[in-house]
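Colleague: Okay, handing you the structure first.
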Amino acid sequence: MTKQEYAGPILKVEDIHVYYGAIHAIKGISLEVYQDEIVTLIGANGAGKSTTLNTIAGLLKPRSGSIEFCEKPITHLGASKIVPAGLSLCPEGRRVFQQMTVRENLEMGGFTRTPEEIDESMEDMFQRFPRLKEREKQIAGTLSGGEQQMLAMARALMSKPRLLMLDEPSMGLAPILVEQIFGIIQELHGAGVTILLVEQNAQMALSVADRAYVLETGSISMSGPAQELAHNDAVRKAYLGS
Amino acid sequence: MMAFLSNLVNGISLGSIYAIIALGYTMVYGIAKMLNFAHGDVIMVGAYIAFCAAQYWGFPPVLALLVAMAVCTLLGVTIEKLAYAPLRQATSLAVLITAIGMSYLLQNLALLIWGANPKVFPDLIGLGSIALFDGQLVVKGATLVTIAANIVIMVALTLFTARTKMGKAMRCVSEDRGAAELMGIHVNGTISLTFAIGSFLAAIAGFLLCSSYPVLQPTTGSMPGIKAFTAAVFGGIGSIPGAMVGGVLLGVIEILGKAYISTELGDAIVFAVLIIVLLVRPTGLMGKATREKV
C-alpha cells in the first residue's frame, strides 16, 4: 500500500464541545495534526486531554463541532468505523485485555484486518518489541506495567494506523521505563507514524514533539512549536515546575 | 446402590438442562452486564414452538427443534434490540426492571396464544429406555440425549470463545467494552450475537426440559430459569465452565436432596447450598476475583 500524501492536516478538529451529562468538559477545542508530525496535548489533571482523545476516537460524541480525518468527516462515526479508517487510540491506563494472552491481545488489535495482514503486522510488532515475543503466550494481566504499556502500544499499531493517539503512555512507570517508552515513540515517528500524544509529563512530551497545544479547563490556552512552548515562561511555571 | 445411581443419572440430566440455560444467563451477563430475567421464558416459547411444529404441523422432531431454535434466536435478538439496547446507558436497575417486565410479557403472550391449560409434550426424542445391570438400572433415552447435548454444547462453546475471531471479540467486550470498541469491534453486534447464542441454546433447553418433564404451560420456564440463574451464580457468573459445573451440581443436589432428605424441601436445599457457597466463595465456584494490577 502506498502512503497517500495529504497537504492539509490529516486530523482536523474544529470547535468541538463535549458534555458529561450537565458538565461541559470540552469547551470549543480546535486542533490540527499534519502528516509525519508528533503533536502533543499537555495540561493539568482534568483539563480535558483524555476526553479530547476519546472524542476523536469515537468513544464519546461531541454535542457540536466537527472532526475530519484524512479529509473525511468522522464526527458521527463509532469507534468500529474509525479504526479501519486509520486512526487508533492507545488508551489511558493501558487497558490491555488482562485475561487474554499477549498474542490474542495483538490479534484483537488487528480485528478490522485480514488474517494475512495480522500475521504480517504481528511479525513487525515482535521485531519492534522483542519482549512481547518472549511473552507471546503469557496472560497479559501477569505482565509488568512497562510490558503492558508496550503491549497496549503494539496492539494499537496492529491496525496499521495513519495516526496513532497515545494517552498518558508514561503513566505510573519508573523513570527508566519512561525513557524507554519515549524512545519507542521517537522510533515509531522515524518509521513514519504520525502521533498525537497526551502527557502529564510535559517536559518529556515537549522534548519529542514538533508542535504542542496547552489545555486548560476544557479549552486551548496556548499552542505553537514544542520548543517555543518549552521555553515559554507561563508554561514553564505551570507545567514544567520551574 | 442402583437407586442411587439412577438418581445420580437423573440429577446429571436435570443439571445438564440447568447448565444449558445457565449459559444464556452467564454469557449475557458477561457481555452485556445485565441479568436477562426473560431468558427462562424464551425457553418456554421454544418448547411451545417445538410442540406446535410437531403436534399441529406434523414436522419430524429434528425439524421441530430447528424451527424452535430459529424462532428463539430471532426472539432473543429482537428482545435485545427493542427492550435492552435503548437502555445501554441507563442504570442497571432500569434494565433489570425491563427484563422482569419482558418476562411477564412473554408469559402473558403465551397465555393468550396457547391458553392456560397445560399441554402434554410428546416424546419427540423417542429412543425408549436402556436397561443396564440386568434391568436394575433403567435410563431413559431423553436423559442420555440431554447429557450428550450438554457435553457437545460445552465443547463447542469453549472452542468458539477460545479459537474464533468472534469468540475472542466476545471475551474482549466482556472484559472491557471501551477497549474492545477501540479495537474496531462492533460492540452492539457482539451483544446481539450473544443474545442469539443464548436464545438458540434456550430453544434446545426447552426441548430437552419438556422431553424429560412433559408438562408445558406459560410458566414452564420460570422455575428452571431461576434455578439456572442460581446455577450460573453458583458456578461464578460470567464463566462458561462455571455455568456447566454449577448447573450439573445443582441438578444433582436437587435430585439427591429430594430423594434422600425431603421431597418438599428439595428446592430449599438447593438454595441453601447456594447461600453457603456464596458465603465461602463470593465469586462462585469458578468465578475470578477481579485483580487490579498497578
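Colleague: Past the 14 angstrom mark, what percentage of all C-alpha to C-alpha distances in the stretch B:20-85 do you count? Please report the intermediate quantities before stating the final value.
Modeller: Working: 1296 of 2145 pairs.
That fraction is 60 percent.
Colleague: Then there is this: For residue A:194, what residues show an amide H to amide H distance below 5 Å, using hydrogens built from the backbone and excluding near sequence neighbours?
Modeller: A:36, A:164
Colleague: Helix-derived [θ] at 222 nm for the protein assembly as shown: sum -39500 (n - 2.57) over DSSP H runs of at least 4, divide by residue count, nearest 500?
Modeller: Details: 21 runs with 297 residues, N = 536.
The helix-only estimate for the protein assembly as shown comes to -18000 deg cm²/dmol at 222 nm.
Colleague: Here's a follow-up. Given an 8 Å cut-off on Cα distances and at least 6 residues of separation, report the relative contact order of chain A as a percent.
Modeller: Values: 460 pairs, mean separation 63.4, N = 242.
Rounded, it is 26 percent for chain A.
Colleague: For chain B, take the longest principal axis of its alpha carbons; what is the angle in degrees between that and the long axis of helix B:165-175, to the nearest 10 within 0 to 90?
Modeller: Roughly 70 degrees between the two axes.
Colleague: In the neighborhood of residue B:271, defined by Cβ-to-Cβ distances under 12 Å, what is the net charge if each Lys or Arg adds +1 and each Asp or Glu adds -1? Mind showing how you got there, number by number?
Modeller: Details: positive: B:227; negative: B:254, B:267.
Here the count lands on -1.
Colleague: Same structure, new question: Count charges around residue A:194 for me, please; just the other residues with Cβ under 9 Å from its Cβ, Lys/Arg as +1, Asp/Glu as -1. The partial results should precede the final answer.
Modeller: Details: positive: A:162; negative: A:36, A:37.
Surrounding charge for residue A:194 is -1.
Colleague: Given N residues in the protein assembly as shown, what is Rg(Cα) / (2.2 N^0.38 Å)?
Modeller: Relative to the rule-of-thumb radius for its length, the protein assembly as shown sits at 1.16.
Colleague: With everything on Cα atoms, drop me the angle between helix B:2-32 and the longest principal axis of chain B, reported from 0 to 90° to the nearest 10.
Modeller: So the inclination is approximately 20 degrees.
Colleague: Same structure, new question: Compute the long axis of helix B:39-55 from its Cα atoms, compare it with the longest principal axis of the Cα atoms of chain B, and write down the angle in degrees, 0 to 90, nearest 10.
Modeller: Its long axis makes an angle of about 50 degrees.
Colleague: Percentage of Cα-Cα pair distances in the stretch A:118-194 greater than 20 Å, rounded to whole percent?
Modeller: Details: 799 of 2926 pairs.
The calculated P(r) of the stretch A:118-194 puts 27 percent of pairs beyond 20 Å.
Colleague: At a Cα cut-off below 21 Å, give the lysines reachable from residue A:27, other chains included and same-chain residues fewer than 8 away excluded.
Modeller: Result set, ordered by chain and number: A:12, A:49, A:61.
Colleague: Still on this structure: Viscosity 1.306 mPa s, temperature 10 °C: Stokes-Einstein D of the stretch B:10-221 from its Kirkwood Cα radius, in µm² per second? Could you put the intermediate results ahead of the total?
Modeller: On the way: Rh = 18.0 Å.
Rounded, D is 88 µm²/s.
Colleague: Count, for each residue of B:182-194, the Cβ atoms from other chains sitting within 10 Å of its Cβ, then give me the mean as a whole number.
Modeller: Details: counts 21, 16, 17, 6, 6, 3, 2, 1, 1, 0, 0, 0, 0.
The shielding value for this peptide is 6.
Colleague: Just to confirm my numbers, what's the Cα centroid distance between the stretch B:1-71 and the stretch B:213-227 in Å?
Modeller: Distance between centres, Cα-based: 10 Å.
Colleague: For peptide B:174-180, how many partner chain Cβ atoms fall within 10 Å of a residue's Cβ, on average? Don't skip to the answer; put the middle values down first.
Modeller: Numbers: counts 2, 8, 6, 1, 7, 12, 6.
Per-residue shielding by partner chains comes out at 6.
Colleague: Given the C-alpha centroids of the stretch B:85-137 and the stretch A:130-174, what is the distance between them in whole angstrom?
Modeller: Answer, in whole Å: 46.
Colleague: Would you mind counting up the charge near residue A:8? Only other residues with Cβ under 13 Å from its Cβ, with Lys and Arg at +1 and Asp and Glu at -1.
Modeller: Details: positive: A:12, A:72; negative: A:5, A:14, A:32, A:37, A:68, A:71.
Here the charged neighbours net out to -4.
Colleague: Right, here's the next one. Full extension from residue B:219 to residue B:87: what is 0.36 nm times the residue separation minus their Cα-Cα distance, to one decimal in nm?
Modeller: On the way: separation 132, 0.36 × 132 = 47.52 nm, distance 2.65 nm.
Fully extending the segment from residue B:219 to residue B:87 adds 44.9 nm.
Colleague: Check the straight Cα-Cα distances from residue B:81 and name the aspartates and glutamates below 20 Å, setting aside those fewer than 8 residues away within the same chain.
Modeller: Straight-distance partners of residue B:81: B:41, B:181.
Colleague: For chain A, what Kirkwood radius comes out of the mean inverse Cα-Cα distance, in Å? Show your work: numbers first, answer last.
Modeller: Details: mean 1/r = 0.0550 Å⁻¹.
Every distinct Cα pair counted, the radius reaches 18.2 Å.
Colleague: Taking only complete DSSP H runs, can you tell me which helices of chain A stretch 15 Å or more along their own long axis by Cα positions and average at least -0.5 on the Kyte-Doolittle scale?
Modeller: Working: long enough: A:115-128 (20 Å, -1.45); A:145-157 (18 Å, 0.08); A:175-190 (22 Å, 0.81).
Both cut-offs are met by A:145-157, A:175-190.
Colleague: Okay, moving on. Once R0 is set to 22 Å, what does the formula 1/(1 + (r/R0)^6) return for the Cβ-Cβ distance between residue B:111 and residue B:74, expressed as a FRET efficiency to the nearest 0.05?
Modeller: According to the calculation, E is roughly 0.60.
Colleague: Where does the stretch B:81-148 land on Rg(C-alpha)/(2.2 N^0.38 Å)? All intermediate terms of the calculation are to be shown ahead of the outcome.
Modeller: Working: Rg = 20.9 Å, N = 68, 2.2 N^0.38 = 10.9 Å.
So the Cα radius of gyration is 1.91 times the expected 2.2 N^0.38 Å.
Colleague: I want to verify a result. In a Gaussian network model of chain B, Cα cutoff 10 Å, which of these has the top mean-square fluctuation: B:161, B:190, B:73?
Modeller: Looking only at B:161, B:190, B:73, the biggest GNM fluctuation is shown by B:161.
Colleague: Another question, then. Relative to a virtual label point 7 Å from the Cα of residue A:27 in the Cα→beta-carbon direction, which members of the stretch A:200-242 show backbone nitrogen distances below 12 Å?
Modeller: The answer is A:216-221.
A short reminder: the numbers here are calculations on the coordinates, not readings from a lab. A quick note: this is a predicted structure, and the numbers were derived from the prediction, not measured. With ideal geometry, Cβ positions are generated from the backbone for all residues, glycine too; neighbour counts draw on all protein chains shown.
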